[in-house]
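Novice: Provided herewith is a single structure, encoded as C-alpha cells, for subsequent inquiry.
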Amino acid sequence: MKTSAEVRKEFGGRQERNMNMATTYVFFNPLAGNGKCGDSAKGLTKVVGEGAVFCNMTDESVYESTLFSLASDDKLIVCGGDGTLNRFINFVGNRDLGHDVFYCPLGSGNDFAHDLGKTADDEPFDITEYLKNLPTVSVNGNTYRFINGIGYGIDGYCCEVGDKMRGEGKKDINYAGIAIKGLLFHYKPTNAVVTVDGVRHEFKKVWLAPTMNGRFYGGGMMPTPEQVRNGGKLSTMLFHGSGKIKTLAIFPSIFKGEHVKHTDCVTVLEGKTITVEFDSPRALQIDGETVLGVTSYTATAFGADELAKEAVTTAAE
C-alpha cells in the first residue's frame, strides 16, 4: 500500500507520463471497521487491479494533492463506514469533483449501505447522486452536511462512551451493551422543545431525538421507517415519557421500525427545518461522529434556506 507521501510524489510526476492510462484511486479510512478497513481495502486489488493507488483519508493533504487533481478517466473509490462518508462530504463541500464516486462499505455499522441494500460483499457501487443536495445540521456554532442522520440523546451518549473506550485501546465495542447499561444506570433523559417549520412541540423525559435523512443509523436502528433519502424533507423521532423498564422493553423494536406503533411514547415529526433543544447538554452524533456538550441543533433539508428567503422576499413585496 502506498503512503500519502508516495501518492503526492507520484501525482506530481503525472504530467511527465503517459496520461492515457487510467488509474483507480482508493480512498480509505484506516480507523473504520474497528481499525480493520485498511487491510480490508487491500482486498479490492482483486477487483481494481494491482495498479490501484491507496490513499489514507486521515491525511488531509491527500485530498488537495490527489482528489482534486484526478485525470478524467481515473476512477475514485471511497472505503470506510458512515463516519468516513461524513468526513468525505464535508471536506469536499460544494466543490465539483468532476468524477463519479464509488463506495465500498467497510465500516462497523454501514447504515448508508444498508439503506441501499448493499453490503461489503458487493463490488464498489456508484453513490454520486446520493452525495448531492444533502441536508445540513448546525450545532455549537458549526454547520455540517450529513448523509444518514443526527443522533441526540442516549444514542449520542453511546457514541461518547464508545469513543472513550476506543481511546483506551478497546476494540469490538458493543454499543447495544452500552445503551442497555446507560438506560438502566447512567443516562438521564431530558425535557425537549422541538420546532418543525415554525411549529413548537414540547416533550418530557426524552430518551431519543434523532433527525433523519435516510432510514437507518446507529448500526441498524430505524427510528423513522417512512423517511425517504434526499426526498426534500427530514424526519425527527421523539422517544419520550416512558420509564426505564418500558423503554427497555420497546427499544429492540426500533431495529425493525416497529417502535412507532407505541404512539403514547413515540412521536415522529416531518419537515424541512427542525430544531431540537434539550434542557441540559448531551452528546450528539452526526453519521457516527461525536459532538460533546450540545444543548440544541438545527437540521435543514437541502434548499429549505432558499425557500425561506424567497418567502420573506415575497412577504416584503
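Novice: Provide the percentage of antiparallel DSSP beta bridges, counting only those with both residues in the chain; round to the nearest 5. If you can, show how the numbers build up before the last one.
Specialist: Working: 46 of 60 bridges.
In the chain, approximately 75 percent of DSSP beta bridges are antiparallel ones.
Novice: Okay, next question. If you line up the long axis of helix 154-167 against the longest principal axis of the chain, both from Cα atoms, how many degrees apart are they, to the nearest 10?
Specialist: The helix 154-167 is inclined about 40 degrees to the chain.
Novice: Still on this structure, please answer the following. Return the Rg/Rh ratio of the stretch 54-112 with Cα-based radii and a Kirkwood Rh. Before the final figure, lay out the partial values.
Specialist: Numbers: Rg = 11.4 Å, Rh = 12.1 Å.
Here the Rg-to-Rh quotient is 0.94.
Novice: Just the number, please: Stokes-Einstein D of the stretch 92-147 in µm²/s, Kirkwood Rh from C-alpha pairs, 20 °C, 1.002 mPa s.
Specialist: D = 165 µm²/s.
Novice: Separate question: Using the beta-carbon distance between F125 and D96 and R0 = 30 Å, what value does 1/(1 + (r/R0)^6) give for FRET efficiency, to the nearest 0.05? Kindly include the intermediate steps, with their values, before the conclusion.
Specialist: On the way: r = 21 Å, r/R0 = 0.69.
Plugging the Cβ-Cβ distance into 1/(1 + (r/R0)^6) gives 0.90.
Novice: Mind sorting Y152, Y297 by how few other Cβ atoms lie within 10 Å of their own Cβ, fewest first?
Specialist: So the residues, fewest neighbours to most, are Y297, Y152.
Novice: Next question, about the same structure. Going by average Cβ density within 10 Å per residue, which order do the peptides 243-249, 36-42 take, highest to lowest?
Specialist: Numbers: 243-249: 13.4, 36-42: 18.6.
Going from most to least packed, we get 36-42, 243-249.
Novice: For the stretch 139-239, take N as its residue count and report Rg(C-alpha) divided by 2.2 N^0.38 Å.
Specialist: 1.15
Novice: Holding the Cα-Cα limit at 31 Å, pick out from K118/K246; K164/K256; K42/K233; K36/K118 the pairs that are longer than that.
Specialist: Those over the limit are K118/K246; K42/K233.
Novice: So, by mean Cβ neighbours within 10 angstrom, what's the order for 112-121, 96-105 with the highest one leading? Write out the running numbers ahead of the final one.
Specialist: Values: 112-121: 16.2, 96-105: 18.0.
Top of the packing list down: 96-105, 112-121.
Novice: So what's the gap between the Cα centers of the stretch 232-304 and the stretch 67-141, to the nearest angstrom?
Specialist: 24 Å
Novice: Is the stretch 210-280 rounded, prolate or oblate when judged by the Cα gyration tensor, a ≥ b ≥ c being the square roots of its eigenvalues, rounded requiring a/c under 1.5 and prolate requiring a/b larger than b/c?
Specialist: Oblate, because a/c is 1.5 or more while a/b does not exceed b/c.
Novice: Are there any GluC sites (Glu not before Pro) in the stretch 149-214 that are in a DSSP loop and have at most 14 other Cβ atoms within 10 Å? List them by number.
Specialist: E168
Novice: Given the chain reduced to its alpha-carbon atoms as identical point scatterers, what log10 I(q)/I(0) does the Debye formula return at q = 0.09, 0.14 Å⁻¹?
Specialist: Rounded to two decimals, the profile gives -0.49, -1.07.
Novice: Set the Förster distance to 25 Å, then compute FRET efficiency between A249 and N34 from the Cβ-Cβ distance, nearest 0.05.
Specialist: FRET efficiency, A249 to N34: 0.25.
A short reminder: the numbers here are calculations on the coordinates, not readings from a lab. Note that this is a predicted model, so its numbers are computed, not measured. For neighbour counting, all protein chains shown are included, and Cβ atoms are generated from backbone atoms with ideal geometry for every residue, glycine included.
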